[in-house]
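What follows is a single structure, written as structure tokens, with notes after it.
The values are calculated or read from the model by the stated rules, or taken from the named source; none is laboratory data. Nothing here was measured: the structure is a model prediction, and the numbers come from that model. Positions of Cβ are generated from backbone atoms using ideal geometry, with glycine treated the same way; all protein chains shown enter the neighbour counts. Heads up: the accessible areas ignore ligands, DNA and RNA and are worked out on the full protein's heavy atoms, side chains in. Shrake-Rupley method; radii C 1.70, N 1.55, O 1.52, S 1.80 Å.
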2 protein chains.
Amino acid sequence: MKKKKIVTIGGGTGSFMLLAGLKKYQVDLSAIVSMADDGGSTGVLRDELGVLPPGDVRQCLVALSDSSEALRGLLSYRFEDGGLKGHSFGNLFLSALEKINGSFEVGIEEAIKILNVRGKIIPVTNDDARLFLKLKNGDILKGEDNINRSVIIRKEGLDKLYFEPAVAASQKAIQHILEADLILIGPGGFYTSVLPNLLAAGISKAIKDSKATVIYNCNLTNKNGQTDGFSLDDYAKEINARIGAERLDFVTYNSKKPDRKLIEKYQNSQQQLVEFDPEEIKDRSYKVIRADILSDEIAEYSSADVVASTRALIRHDSNKLAKIIFLLSEIEDYKSIIKDII
Amino acid sequence: MKKKKIVTIGGGTGSFMLLAGLKKYQVDLSAIVSMADDGGSTGVLRDELGVLPPGDVRQCLVALSDSSEALRGLLSYRFEDGGLKGHSFGNLFLSALEKINGSFEVGIEEAIKILNVRGKIIPVTNDDARLFLKLKNGDILKGEDNINRSVIIRKEGLDKLYFEPAVAASQKAIQHILEADLILIGPGGFYTSVLPNLLAAGISKAIKDSKATVIYNCNLTNKNGQTDGFSLDDYAKEINARIGAERLDFVTYNSKKPDRKLIEKYQNSQQQLVEFDPEEIKDRSYKVIRADILSDEIAEYSSADVVASTRALIRHDSNKLAKIIFLLSEIEDYKSIIKDII
């Protein structure tokens, strides 16, 4: 049987979760990765070394690497003191490889060889991508990191999310989308990771033109000050609008209620579960897969990791979600054989 | 045939040269490495992260690694801009491994696994080694880097070279010396790399007690302001004095005259060839091996590498020296079999 070609489109944390689960299956994985990050260690490296942002790529490398636990731990290690404080070792690794090879894309290829990675990691663009968000009041949030930290987007209203200057999708990313059997969009920061991928010129059209089954992994929680009150359908509608077609085939939704401990924790954190009401819309252009895809673990973040503390406490379970996705890819085969039943 | 156990005692650059040549032979290599370095990238990491000095160990790792050219290039790569400027990627690699594993020794063991290194790399001490040099005028040069840059040691006269506080040799280093078939001392900075190894308490006694053949690879040039006018015998005498016995069996000496181009270059650099006069001493306690061990390449250093620019232009040829050493180890076997002839 030919391995299914699965392409993930997202950022670091969401893609890490997806890839870590999917790599246990006999599938052909390619991760298309957002290149908008400009905060923390990544931001400093962009500014000081003039490299492309390594942070999201690093997380995908760690997820897909078959190397020892020790080596993967090393890539995720953050220095805690002096001039190196906050730098992730894996970011320095990717930036050094970019400098040596004169290209981020070639640097990633070298990293993939060194780390014995199964799968491909493809930056969505090779351009220096600078993200901006214009609010309806005319104010502009400059940079992914500022957008990520903003709590006024929902209140002021989003006018426009854009790269300045505009960025072109990498040919490699477009090609992999066109040849995919399955395209997975999200989860991840909606304005900072998921949508920015669709803004790289050429990506949306490629998704539209592709014959792949398209699955959107909706976030489990809304982001405070950004997507408060969004329902699953709101997210899906926005994704389809960016693609320019009703292209989503499936949207995954968590049906498992978090346990009490988790609920107490997230209620203090101003996070809100994404809601889904089957009756709200009559004829959706996508099917909603309701399943238990919730992680039982309670996320603990080091207080030193500034970005992590803005992340969700309620998270996907990597293995549960991968299983659903793998089953969906099998169902699609089934559909193509016995068309009349479905 | 059992592999010969060869132990090198030195620092980064000299040991790199030796190991790169010796690893082509079927021998069991262990590099005992000076831990006095406190300059450049290494110095910053010691101060800011509180780690042990990675620089010399890194060079031995690169020399002994069977990994790809790309990976070895990566370890030697130096960042050129921003807060990372001057840091060698390999130093960051070793410092991160030390931090993760809580021990420099264990960190090196991890590095050896990751990099597919054939051989062992053993810090001469696990203590935080701070080197001092007291001049006869009472002044004290603080730290390896300052000693390395000094041009007044010869003029003012050396009173004492010491660690403050005193450092103990690692048990692993002592054990490897005691079990060695061949011990190679040098080449390398005399006051900054070769002698500091012998100052770690326990090393000199282990060399004295060992049954190994001891070879001293004398430097090819004197260091301006430090060892001006030293002959091969002066160096050898000093080494024996530190060991506390006439322990050297062989001293290697280059008999090949550098070609005109090289001579022109080094004459401008105030470097002076080490001289050897067979007639000067009647009965040496060591044999002097005169051979062509000169590198034909002219060393080119980046002007950004401050330390390198103080290094010798006239250098050993890695392959030529390794061949001599391997032959010497064979001669020793020969001696033990037919004792009567020698």
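Between the alpha-carbon centers of segment A:113-142 and segment B:34-80, tell me the distance in whole angstrom.
32
Sticking to Cα atoms, compute the Rg of segment A:1-107 to one decimal and its Dmax as the biggest Cα-Cα distance, whole number, in Å.
Taking only Cα atoms of segment A:1-107, I get Rg and Dmax of 14.4, 53 Å.
Pairs B:Lys120/B:Lys237; B:Lys120/B:Lys172; B:Lys2/B:Lys208; B:Lys2/B:Lys205: which exceed 19 Å Cα-Cα?
Beyond 19 Å: B:Lys120/B:Lys237; B:Lys2/B:Lys208; B:Lys2/B:Lys205.
How much accessible area per residue does segment A:167-275 have, in Å², with a 1.4 Å probe?
Normalised by residue count, the accessible surface of segment A:167-275 is 40 Å².
Within 11 Å, Cβ to Cβ, of A:Lys85, how many net charges do the neighbouring residues add up to if Lys/Arg are +1 and Asp/Glu are -1?
With Lys, Arg at +1 and Asp, Glu at -1, the net is -2.
Take each of the peptides B:50-63, B:72-85, B:175-188, average the number of other beta-carbon atoms within 10 Å over its residues, and list them starting from the highest.
For the peptides B:50-63, B:72-85, B:175-188, the packing ranking is B:50-63, B:175-188, B:72-85.
Taking amide H positions as placed in the peptide plane 1.01 Å from N, state which residues far from A:His316 in sequence (5 or more) or on other chains have amide H under 5 Å from it.
Counting only residues 5 or more places away or on other chains, the set is A:Ser295.
As a check on your reading of the symmetry: which chain B residue has its Cβ nearest the axis that brings B onto A, and how far is it in Å?
Taking the axis that maps B onto A, the answer comes out as B:Gly83, 2.
Relative contact order of chain B, please, whole-number percent, based on alpha carbon pairs below 8 angstrom and at least 6 residues apart.
Result for chain B is 17 percent.
Calculated from DSSP H runs of 4 or more alone, at -39500 (n - 2.57) each and per residue, what is the 222 nm mean residue ellipticity of the protein assembly as shown, nearest 500?
-11500 deg cm²/dmol
Which residues, if any, in segment A:20-63 have at least 50 Å² less accessible area in the whole protein complex than in the isolated chain, probe 1.4 Å?
Buried on complex formation: A:Glu48, A:Leu49.
Could you give, in nm with one decimal, how far A:Ile331 is from each other copy of that position, shortest first, with labels 7 Å out from Cα toward Cβ?
Distances between equivalent label points, in nm: 8.0.
Buried accessible area for the B:A pair, summed, 1.4 Å probe, in Å² rounded to 100?
2000
Write down the percent of antiparallel bridges among all DSSP beta bridges whose residues are both part of the protein assembly as shown, to the nearest 5.
Percentage antiparallel, nearest 5: 30.
For label points placed 7 Å from Cα toward Cβ, what is the shortest-first list of nm distances from B:Lys155 to its copies?
In ascending order, 7.0 nm.
Among residues other than A:Ala70 whose Cβ falls under 9 Å from its Cβ, what is the net charge (Lys/Arg +1, Asp/Glu -1)?
Here the charged neighbours net out to 0.
Treating cross-link reach as a plain straight distance, find the aspartates and glutamates whose alpha-carbon is under 20 Å from the alpha-carbon of B:Lys136, omitting any fewer than eight places away in the same chain.
Cross-link targets: B:Glu144, B:Asp145, B:Glu156, B:Asp159, B:Glu164, B:Asp228, B:Asp234, B:Glu238.
Tell me, what % of the accessible area of segment B:5-334 is carbon and sulfur with a 1.4 angstrom probe?
With neighbouring chains kept in place, the figure for segment B:5-334 is 47 percent.
Put a point 7 Å out from Cα along the line to Cβ at B:Ser255; what are the distances to that point in the other copies, in nm, shortest first?
Taking the point 7 Å beyond Cα along Cα→Cβ, the inter-copy spacings are 8.8 nm.
Straight distance only, please: which aspartates and glutamates reach the Cα of B:Lys323 with their own Cα at less than 17 Å, same-chain residues fewer than 8 apart left out?
The reachable aspartates and glutamates, counting only those whose Cα sits under 17 Å from B:Lys323, are B:Asp28, B:Asp181, B:Asp292, B:Asp296, B:Glu332, B:Asp333.
Counting only other chains, what is the mean number of Cβ atoms within 10 angstrom of the Cβ of each residue in peptide B:96-106? Please report the intermediate quantities before stating the final value.
On the way: counts 13, 6, 0, 7, 6, 3, 0, 0, 0, 0, 0.
Per residue, the number of nearby Cβ atoms from other chains is 3 on average.
Can you pull a Stokes-Einstein diffusion coefficient for segment A:5-334 at 37 °C (0.692 mPa s), Rh from Kirkwood over Cα pairs, as a whole number of µm²/s?
It comes out at roughly 164 µm²/s.
All other residues with a Cβ under 11 Å from the Cβ of A:Ile239 taken together, and with Lys, Arg as +1 and Asp, Glu as -1, what is their net charge?
Result for the neighbourhood of A:Ile239: -1.
Nearest 5 is fine: what % of DSSP beta bridges in chain A come out antiparallel, could you say?
So the antiparallel bridges amount to about 30 percent of the total.
What lysines does A:Lys265 reach when the alpha-carbon gap must be under 27 Å and sequence neighbours fewer than 8 apart in one chain are set aside?
Once the sequence-local lysines are set aside, what remains near A:Lys265 is A:Lys155, A:Lys223, A:Lys256, A:Lys257, A:Lys320.
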